[in-house]
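Take a look at the structure set out below.
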Amino acid sequence: MSKAIGSVFGAGGQASTSMYGSENEILKYLNNYDTTNYDNTLKNLVSYAANASNQLSNMGDYNFSVDGSDAARQRAEQATYQSYLDKLQPQFANQTSDLQTSLANKGISIGSEAYSRAMSDLQDSQNSALNQAAYQATLAGQNAFSNSLSDDLRSAGFSNAAQTSYINQLLQALQNSYSGYDIAMDKFNVQYGADDRIANNRANNAQSAQNFGNNVLNSAISSGITAAFSDARLKENIKPVGRLDNGLTVYLFNFKGSNVPQIGLVAQEVIKQKPEAVVEDTDGYLSVRYDIACQ
């Protein structure tokens, strides 16, 4: 309808109501885009993630923590101290045996003051050695703990980095590729945008046609036209092109026997809504008073 008005009067909406060439081209490209490799890889990744999730209780791929507690440090110190004891205790036993033999050879009997003093001196020496061993064990144990902790951290970091690197390689391989879902959504967005634009253009075209029809009628009224033949029996090629604010339909037509296009109302419709705007002549044909019909 708006196209008819535009072709006759050069007016009315002319916005495109069909797909643009660019829209057709992108849809053609998307329809032919092969997503098989991406979809298969993504399927494998999803399967891997599902299997990994089921194995979280006993997985060893990732290290989320190492034992840096005070109890771990004490265990390291105790282990080092025990290694010192394992070396010192045989030495202490030999020292005691040698001293007892030496005292006996010198005629110093067990229980004598000299015997007790010599054994006490040996015990003090051995206690000093134990204290020194404890001190050294603390230092060595702390160093051993620090080294162990550092090793654990490096090991965990390497393991995690290796796993992350592998996953990142997969993700990088997927970059700049599209899944079937991505393609479907892109196609939807293109089609939705085109449909929305076309619908808006149609609405705008219809509104432009209606405004044009209204303007023509208003111009006729302002020019002093008060009554005009509007009988449907006198018209042909009648096409609706707009609507007045009061609801009456505006038509494009030509009078029978004439090819000149006209814009106006149909009296048979007007009489149903505004009978006071319709006039019948002596031949029985109806005319419309536009100054009343357009109110």
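Of the residues making up the range 96-108, those that are open to solvent by less than 70 Å² (accessible area, probe 1.4 Å) and either among the polar types (S, T, N, Q) or in contact with an Asp or Glu (Cβ under 7 Å, 6 or more places away or on another chain) (or both) are Thr96, Ser97, Ser102.
Just to verify a result, which residue in the range 234-253, among those that are surrounded by 15 or more Cβ atoms within 10 Å (Cβ to Cβ) and among the basic types (Lys, Arg), is nearest to Glu280 (Cα to Cα)? So, considering only residues that are surrounded by 15 or more Cβ atoms within 10 Å (Cβ to Cβ) and among the basic types (Lys, Arg), the one nearest to Glu280 (Cα to Cα) is Lys235.
Rundown of residues vs (1) in a helix (DSSP H, G or I); (2) closer than 25 Å to Arg202 by Cα; (3) at pLDDT below 90, yes/no style:
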{"site": "Asn214", "(1), (2), (3)": "yes, yes, yes"}
{"site": "Asn218", "(1), (2), (3)": "yes, yes, yes"}
{"site": "Ile221", "(1), (2), (3)": "yes, no, yes"}
{"site": "Arg233", "(1), (2), (3)": "yes, no, no"}
{"site": "Ser258", "(1), (2), (3)": "no, no, yes"}
{"site": "Lys272", "(1), (2), (3)": "yes, no, no"}
{"site": "Gln295", "(1), (2), (3)": "no, no, yes"}
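When the criteria are applied in full, Tyr166 meets the requirement of being at pLDDT below 70 and open to solvent by 40 Å² or more (accessible area, probe 1.4 Å).
Scanning the range 235-250 for residues that are in contact with a Ser or Thr (Cβ under 9 Å, 6 or more places away or on another chain) and at pLDDT 90 or above turns up just one, Pro240.
Give all pairs with beta carbons closer than 7 Å in which a residue from the range 252-278 that is in contact (Cβ under 8 Å) with a residue 60 or more places away in the chain meets a residue that is part of a strand (DSSP E or B) and surrounded by fewer than 18 Cβ atoms within 10 Å (Cβ to Cβ); count only pairs at least 6 apart in sequence or on separate chains. Qualifying pairs under 7 Å: Leu252/Lys239; Pro261/Asn254. Restricting the range 259-295 to residues that are of a type in the set (Ser, Thr, Tyr) and open to solvent by 50 Å² or more (accessible area, probe 1.4 Å) leaves a set whose member that is farthest from the chain's Cα centre (by Cα) is Thr282. Has the range 173-191 got at least one residue that is more than 30 Å from Gly21 (Cα to Cα), at pLDDT 70 or above and among the charged types (D, E, K, R)? No: zero hits. If we keep just the residues of the range 103-135 that are touching a Phe, Trp or Tyr at 6+ places or on another chain (Cβ under 7 Å) and touching a residue at least 24 places away in the same chain (Cβ under 8 Å), which is farthest from Ser83 (Cα to Cα)? Ranking the qualifying residues of the range 103-135, first place goes to Gln126.
The values are calculated or read from the model by the stated rules, or taken from the named source; none is laboratory data. Owing to the predicted nature of the structure, the values given are computational and were not obtained by experimental measurement. Neighbour counts are summed over all protein chains in view; Cβ atoms, including those assigned to glycine, are modelled from backbone coordinates with ideal geometry. Side chains included, ligands, DNA and RNA excluded: accessible areas come from the protein's heavy atoms. Shrake-Rupley method; radii C 1.70, N 1.55, O 1.52, S 1.80 Å.
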